[in-house]
Amino acid sequence: MARELAPGITYRQEKHPHLPLDIILCTNLAHPGPQFRALLQDFLSPGARKYLESSVGIVEALVIRIAADAPAELTRPRPLMVWTNGYPEIPADRHAFRGDIPQVQGLRLVDDMRAEETRKLYTYNTFQAALAYQGSRRGHKSVVACMQDPKVRVKAEGALDEASRALQAEYGFATDEMERWIDNVVTHTNNPSLGDTVRRLGADPRRKLRREDRLIGPALLARKHGIQPRHLVDAIAAGLRFDDADDLGALYVQQRIAALSMPAAVYELCGLTEAEQDLVEAIVGAYHLLPLTEKKANAAQLAYELGFKYEQIYHGCGQCTLAAVLEALDRFSEPAFRAATGLAGGIGLGGDATCSALIGAVLAFGIIYPRRREQFDADRENKYRTFAMAQRLQELFLERYGTTTCHETHRQLMGRAFDLRDPAEREAFEAAGAHQDKCTSIVAQTAKWAVEIISDELIQNALNQLDAR
C-alpha cells in the first residue's frame with residue numbers, strides 16, 4: 001500500500017504543499033503507524049519526505065467490523081457487495097490528525113490508541129483465534145459450529161476472560177465497560193449470517209503466534225499481572241498444531257516444529273525469551289497434552305454411550321461397565337469379560353452388596369495396571385495405584401448417589417429397593433425404568449468416570465516420560 005500511496009503524496013506536496021493530509025490506517029495490526037510511515041519514506045523524494053514528516057498524519061484506526069464472503073446468490077447481481085456483521089464504529093487516534101478531523105458518522109475518536117488497539121486485538125482477535133484453533137481440533141469448519149460446541153466455546157471464552165482481566169489490570173478499563181465490550185465480542189462473532197470459517201480465522205498461525213499478537217500477547221500480559229493464562233496457553237498449543245496444507249503460515253510452523261526441539265520451536269515462533277521460560281514450559285506441556293486430553297474426552301464419551309446401550313440391551317451392570325470401559329480404551333479382554341458374568345444387582349442379584357458397576361470398573365483398573373501372577377509378591381506400584389484409582393471412583397460415586405450399595409441406589413433413583421431374585425420384583429424394577437434411564441445411567445456414568453481416571457494415569461505417565469527425556 002505504501003508504494004501505491006507514494007505518488008499521491010508526491011502530487012499533494014508539489015501542488016498543495018501548504019495543505020495537510022491525513023491517511024487513516026484501517027488494520028488489524030498493533031501500532032502500525034511508525035512502520036507504515038517508514039515504508040512510505042522509501043518511495044518518496046527528499047522534498048516529499050519533508051512534507052510527509054511535517055504535514056502528513058498517519059492515523060491509526062481499528063477495523064472491528066467482520067467481513068466474510070457473501071452468499072453467491074447475492075453477489076452475482078451485486079459483485080461489489082461487502083458482507084459484514086455491521087459493527088457501527090471505527091475507533092481512530094484523535095491526536096494523529098494533522099488537518100481538521102473529518103465529521104464522519106461512526107468515526108469514534110480515541111485518546112489512548114495503544115489501549116484501544118490492544119483491547120481490540122486481545123479480545124476480538126484472541127477470541128476468534130481460540131475458537132478457530134480449538135474448533136479445528138474437533139473438526140469444525142464454521143465459526144457458528146465452534147460457538148455451538150460447548151467444549152470449544154468454554155475454552156475460547158476462558159481465553160477471552162483471561163485476556164479481559166489482564167487488559168483491565170494494565171489499562172484500567174472499568175469493569176462494567178469491559179463487560180459490555182466482551183458481550184459485543186461474543187455477539188458479533190456468533191453471527192450465523194456471516195458464514196465465517198475456521199480456516200479464515202485460523203489462517204497464518206506463523207503471524208498469529210508472534211509475541212505481540214493475539215495469543216502470546218495477552219498470555220504475557222496476564223502473566224505480568226499474576227493471572228494464570230491457562231486457556232490462552234491451551235489456545236496457543238492448538239495454534240501450534242493447526243495444520244492446513246494450503247496455508248503457508250501453517251506449513252512454516254509445522255516445518256519449524258519438525259526441525260527443532262519443541263521448546264526451541266516455541267522460543268522461536270512465539271518470540272519468547274529465557275526470562276519467560278515458565279510460559280514456554282507451559283506451552284510445551286499443553287502442546288504434548290492436547291492430543292492426550294482429546295483422546296481422553298473421546299474415550300470417556302464413548303464409554304458413557306456404550307455403557308448406557310449395553311445395560312439397556314443386555315443388562316448385567318458389572319459386565320456392561322467392564323465392557324464399556326475396556327472397549328472405549330481399546331483394551332478389551334475376553335477372559336475378564338467372562339469372569340464378570342456374575343456381577344449384576346450387586347453380586348449375583350444380592351442387592352445389599354456393592355453396586356456391580358463399581359466392581360466392574362475396578363476390575364478394569366486392574367486390567368490396565370495389574371499385579372501379575374508372576375509378580376505376586378511385587379508390582380506394588382500398580383497395586384497401590386489401583387487402590388487410589390478405586391478410591392477416587394468411590395468418592396465420585398458417593399458424591400453423585402450418596403451410597404455405593406445396589407439397593408440404596410435403587411432407593412435414590414426409583415424410590416425403593418427391589419429384590420431382583422423375585423420375578424415379580426424384577427417386573428416392578430423394569431416398570432420403574434431401571435433399563436430405560438435409571439441403572440443405564442449409573443452404568444454409563446461409572447464407565448465414563450473410570451475411563452477418565454484411567455486416562456489421567458496414562459496422561460501422567462506420558463508426561464513423566466517426556467520430562468525424563
Over the chain, relative contact order from alpha-carbon pairs under 8 Å, at least 6 apart, %
11 percent
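For n ≥ 4 DSSP H runs only, could you compute -39500 (n - 2.57) per run for the chain, divide by its residues and tell me the 222 nm figure to the nearest 500? Can you show the working numbers first?
Values: 23 runs with 288 residues, N = 469.
Roughly -19500 deg cm²/dmol at 222 nm, from the helical runs in the chain.
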Student exercise, the chain dipole from Lys, Arg, Asp, Glu Cβ charges, in Debye to nearest 20:
740 debye
Per-residue Cβ neighbour rank within 10 angstrom, fewest leading, His225, His188
His225, His188
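Counting only Cα atoms, I'd like the Rg/Rh figure for the chain, Kirkwood definition for Rh.
Details: Rg = 30.0 Å, Rh = 26.5 Å.
In the chain, Rg relative to Rh is 1.13.
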Where does each of Ile227, Ile101 land when they are ranked from fewest to most other beta-carbon atoms within 10 angstrom?
Ile101, Ile227
Phi-derived 3J(HN,Hα) across region 100-117 with the Karplus relation (6.51, -1.76, 1.60, θ = phi - 60°), rounded Hz, x for Gly and Pro, is 5, 6, x, 8, 10, 4, x, 7, 9, 7, 10, 7, 10, 5, 4, 5, 5, 4
Could you list, in their original order, any pairs among Lys208/Lys295; Lys155/Lys224; Lys155/Lys383; Lys120/Lys224; Lys295/Lys438 whose Cα atoms are separated by more than 24 Å?
Lys208/Lys295; Lys155/Lys383; Lys295/Lys438
Cβ-placed point charges (K, R +1; D, E -1), dipole of region 85-147 about Cα centre in debye, nearest 20
460 debye
Please list, ordered by chain and number, the residues whose modelled amide H lies under 5 Å from the amide H of Leu107; skip anything fewer than 5 residues away on the same chain.
Ile90
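So for each of 317-328, 118-129 I average, over its residues, the number of other beta carbons within 10 Å; can you give me the resulting order with the highest mean first?
The packing order, highest mean first, is 317-328, 118-129.
Among DSSP beta bridges whose residues both lie in region 1-111, state the antiparallel percentage, nearest 5. Could the numbers behind the result be given before it?
Details: 3 of 14 bridges.
Percent antiparallel among DSSP bridges in region 1-111 is about 20.
Using the Cα atoms as the points, what is the convex hull volume per residue of region 102-202 in Å³?
Details: hull volume 11.6 nm³, N = 101.
About 115 Å³ per residue, rounded to a whole number.
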Long-range amide H contacts for Thr197: which residues qualify at under 5 Å (H placed 1.01 Å from N, peptide plane, sequence gap of 5 or more or a different chain)?
Val143
Any idea how far the Cα center of region 173-231 sits from the one of region 1-28, in Å?
33 Å
Take the alpha carbon atoms of region 375-469, find their radius of gyration, then divide it by 2.2 N^0.38 Å using N residues; give the quotient.
1.48
Report, in degrees rounded to the nearest 10, the 0 to 90 angle that the Cα long axis of helix 230-240 makes with the longest principal axis of the chain.
80 degrees
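Cα-based Rg of region 1-111 per 2.2 N^0.38 Å, rounded to two decimals?
Values: Rg = 16.6 Å, N = 111, 2.2 N^0.38 = 13.2 Å.
Relative to the rule-of-thumb radius for its length, region 1-111 sits at 1.26.
Eigenvalues of the Cα gyration tensor times 5, then square-rooted: what semi-axes does that give for region 332-423, in whole angstrom, largest first? Spell out each step's value before the answer.
Working: eigenvalues 158, 55, 16 Å².
After diagonalising the Cα gyration tensor, the semi-axes are 28, 17, 9 Å.
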Taking the beta-carbon count within 10 Å as an exposure proxy, list Ile454, Ile313 from fewest neighbours to most.
Ile313, Ile454
Region 61-185, relative contact order in percent, only Cα pairs under 8 angstrom and at least six apart counted
19 percent
State to the nearest 20 debye the size of the charge dipole of region 1-111 about its Cα centre, where the only charges are +1 on K and R beta carbons and -1 on D and E beta carbons.
220 debye
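Normalising by the residue count of region 298-468, find the relative contact order in percent from Cα pairs under 8 Å and 6+ residues apart. Numbers along the way, then the final one.
Values: 250 pairs, mean separation 54.1, N = 171.
Averaging sequence separation for qualifying contacts and normalising by length gives 32 percent for region 298-468.
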Taking just the alpha carbons, could you work out the radius of gyration and Dmax for region 298-468, both in angstroms?
16.3, 60
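What is the Rg over Rh value, at two decimals, for region 112-272, using alpha-carbon atoms and the Kirkwood definition of Rh? Before the final figure, lay out the partial values.
Numbers: Rg = 15.1 Å, Rh = 15.7 Å.
Radius of gyration over Kirkwood radius for region 112-272 works out to 0.96.
Read the figures in this text as sums done on the coordinates, not as results from a lab. Values in this document were obtained by computation on a predicted structure and should not be read as measured data. As a convention, Cβ positions derive from the backbone with ideal geometry for all residues, glycine included, and neighbour counts pool all protein chains shown.
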